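Bear in mind these aren't lab numbers, they're just calculated from the coordinates by the rules spelled out. Bear in mind the structure is a predicted one, so any value in this text is a computation, not a measurement. Note: ideal-geometry Cβ built from the backbone for every residue, glycine included; neighbour counts use all protein chains shown.
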Amino acid sequence: MVRHVNRRVRDAGIRNVVSVLAEPDDPLLPDASVDRFVIVDTWHHVEDQGKYLALMKRMLKPGGQVVQIDFQKRELPIGPPLAMKIARDDLVKQMQSAGFALAAEHTFLPYQYFLVFAANPAR
């Protein structure tokens, strides 16, 4: 997947994308170096989510964002089993507990929620 992304970035002539093959429990990025994390349909695979959120918060630049797109917690024709899904409200509470505020929500996806969080500077 990293090679695929690298080829697409190269072929498109994009200069502001850097791929990193990270560890499952650490994005391996410098502090204050990330504009936006985008997590799509994979949050349930992160074992220590609280630790991971703390790392991401530290790695975000001021004004940075975390985008979380994941399957709604209900029976759907696609996606992981119901037991693996994270309800939208539970994710919002988890993010708020880690010092993030819900900044935007998009509702155009039929099976997923699309949430944008900003680091709360007061925390």
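When each of L82, L60 is scored by the number of other beta-carbon atoms lying within 10 Å, the sequence from fewest to most is L82, L60. Annotation for segment 26-43 versus segment 58-123: alpha-carbon center distance of 14 Å.
Bridges between two residues of the chain, per DSSP, are antiparallel at a rate of about 70%. Take the Cβ-Cβ distance between E75 and N6 as r, set R0 to 30 Å, and report the resulting FRET efficiency rounded to the nearest 0.05. The computed FRET efficiency comes out at 0.20. Listed values (1) 6.9; (2) 11.2; (3) 8.4 include one computed from this model; for mean projected area of the Cα convex hull in nm² that value carries the label (3).
Simple rule: put +1 on each Lys or Arg Cβ and -1 on each Asp or Glu Cβ in the chain, find the dipole, and look at V5, G79, V92; the Cα lying farthest toward the positive end is V5.
Peptides 37-43, 113-119 ranked from most to least packed, by the mean per-residue count of other Cβ atoms within 10 Å: 113-119, 37-43. Contact order for the chain, expressed relative to its length and based on alpha carbon pairs under 8 Å spaced 6+ residues apart, stands at 22 percent.
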